[in-house]
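**Q** Before I ask anything, let me first share the structure, which is written out below as structure tokens.
The values are calculated or read from the model by the stated rules, or taken from the named source; none is laboratory data. The model shown is predicted, which means the values in this text are computed figures rather than measured ones. Cβ coordinates were reconstructed from backbone atoms using ideal geometry, including for glycine residues, and neighbour counts include every protein chain displayed. Calculation scope for accessible area: heavy atoms of the full protein, side chains included, ligands and nucleic acids excluded. Shrake-Rupley method; radii C 1.70, N 1.55, O 1.52, S 1.80 Å.
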Amino acid sequence: MKKLLSFFVFFFPWKLKRFLLINIWKYEIHPKAKIGLSYIYPEHLIMEEGAYIGHLNVAIHLELIHMGKNCTISQKNWITGFPMADKSNFQDFPNRKPYLIMGKDSAITKQHLIDCTDTVTIGELTSIGGYGTQILSHSTSLQHNKQSCAPITIGHHCFVGTRSIILPGSILPNQAVLGAGAVLKKQFTESFSLYGGVPAKFIKKMDENYAFFHRTYRPK
């Protein structure tokens, strides 16, 4: 019944859609949060005050999406996971969590692919910028000939450039920049730094006084 109804809810006006999502799906959606014409059906959804999901986004097969205050998922993003109840893969990773966690004032812009087979955490006031970035928390283990996964963490006050690729287990530290087209596959630790290249490496220190690294709001 829920699955059938979900297709129709997509087209409903927001007030009716919100009522159904809260009362049937048991989602937690703040009165000042909103979802546009998007197909958003994780097992659990938490949208804090001012959180916004724009048009033509898809988010399915996740256990949880938690959007902090004033978060934005803009347009045409594909966000998916692999349900915990499905035992066909990832049995060697019993602690994985198919979550997308977004800190306050963070943003996912347009046409990105985010795989939340394991947890993807995006820190507050961080932007996944440009177009076409892929955040991939799972891959194929060539050594063991099976699917593997690991969480991905992107710190606070970070900027991820257009068409980057972020691979399982990666960490971009707080107040850092990942250059356009980079392939991140390591756990870096040094803040106020630019990382880039294929594979990504430390490029240079950045001016710690840049306003972006200390901002308290995200420009609209």
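**Q** Of the conditions (1) within 11 Å of the chain's Cα centre (by Cα); (2) surrounded by fewer than 23 Cβ atoms within 10 Å (Cβ to Cβ), Glu63 clears all except one; give me its number.
**A** (1)
**Q** Just to be sure I understand the filter: pairs with C-beta atoms under 9 Å, separated by 6 or more residues or on different chains, first member in segment 124-146 and more than 11 Å from His112 (Cβ to Cβ) and without any contact (Cβ under 8 Å) to a residue 12 or more places away in the chain, second member among the small types (Gly, Ala, Ser) and in a strand (DSSP E or B). Which pairs pass?
**A** Thr140/Ser148; Ser141/Ser148
**Q** For residues that are of a type in the set (A, V, I, L, M, F, W, C) and not in a loop (DSSP other than H, G, I, E, B), scanning just segment 204-220, find the one that is surrounded by the most Cβ atoms within 10 Å (Cβ to Cβ).
**A** Of the residues in segment 204-220, the ones of a type in the set (A, V, I, L, M, F, W, C) are 206, 211-213.
Checking which are not in a loop (DSSP other than H, G, I, E, B) leaves us with 211-213.
Details: Ala211: 6, Phe212: 14, Phe213: 20.
Within segment 204-220, the match that is surrounded by the most Cβ atoms within 10 Å (Cβ to Cβ) is Phe213.
**Q** Report yes if some residue within segment 186-203 is outside any strand (DSSP E or B), polar (S, T, N, Q) and under 24 Å from Ile65 (Cα atoms); otherwise report no.
**A** In the first step, residues of segment 186-203 are kept if they are outside any strand (DSSP E or B); the result is 186, 188-192, 197-200.
The next check asks that each one be polar (S, T, N, Q); those that pass are 189, 191.
Cutting the leftovers down to under 24 Å from Ile65 (Cα atoms) gives us none.
Taking every residue of segment 186-203 in turn, none turns out to be outside any strand (DSSP E or B), polar (S, T, N, Q) and under 24 Å from Ile65 (Cα atoms).
**Q** Regarding segment 87-103, can at least one residue be identified that is open to solvent by less than 40 Å² (accessible area, probe 1.4 Å) and part of a strand (DSSP E or B)?
**A** yes
**Q** On the basis of being open to solvent by 80 Å² or more (accessible area, probe 1.4 Å) and either modelled with pLDDT of 95 or more or closer than 21 Å to Gly81 by Cβ (or both), does His55 make the cut?
**A** Details: open to solvent by 80 Å² or more (accessible area, probe 1.4 Å): yes; either modelled with pLDDT of 95 or more or closer than 21 Å to Gly81 by Cβ (or both): yes.
Against the criterion (open to solvent by 80 Å² or more (accessible area, probe 1.4 Å) and either modelled with pLDDT of 95 or more or closer than 21 Å to Gly81 by Cβ (or both)), His55 qualifies.
**Q** Moving on. Given the condition closer than 20 Å to Leu45 by Cβ, over 14 Å from the mean Cα position of the chain (by Cα) and of a type outside the set (A, V, I, L, M, F, W, C), answer yes or no: does some residue in segment 95-102 qualify?
**A** yes
**Q** Here's a follow-up. Residues in segment 160-177: is at least one over 29 Å from Gly50 (Cβ atoms), in contact (Cβ under 8 Å) with a residue 40 or more places away in the chain and under 16 Å from the mean Cα position of the chain (by Cα)?
**A** Checking segment 160-177: at least one residue is over 29 Å from Gly50 (Cβ atoms), in contact (Cβ under 8 Å) with a residue 40 or more places away in the chain and under 16 Å from the mean Cα position of the chain (by Cα).
**Q** Those residues that are surrounded by fewer than 21 Cβ atoms within 10 Å (Cβ to Cβ) and either of a type outside the set (Lys, Arg) or in contact with a Ser or Thr (Cβ under 9 Å, 6 or more places away or on another chain) (or both), I need them from segment 70-86; list them, please.
**A** Correct list: Thr72, Ser74, Gln75, Trp78, Thr80, Pro83, Met84, Ala85, Asp86.
**Q** Exactly one of these conditions fails for Lys26: (1) assigned to a loop (DSSP other than H, G, I, E, B); (2) surrounded by 14 or more Cβ atoms within 10 Å (Cβ to Cβ); (3) at pLDDT 95 or above. Give me its number.
**A** For Lys26, the exception is condition (2).
**Q** Determine which member of the set Leu21, Leu37 is under 26 Å from Ser106 (Cα atoms), open to solvent by less than 70 Å² (accessible area, probe 1.4 Å), under 21 Å from the mean Cα position of the chain (by Cα) and not hydroxyl-bearing (Ser, Thr, Tyr).
**A** Leu21
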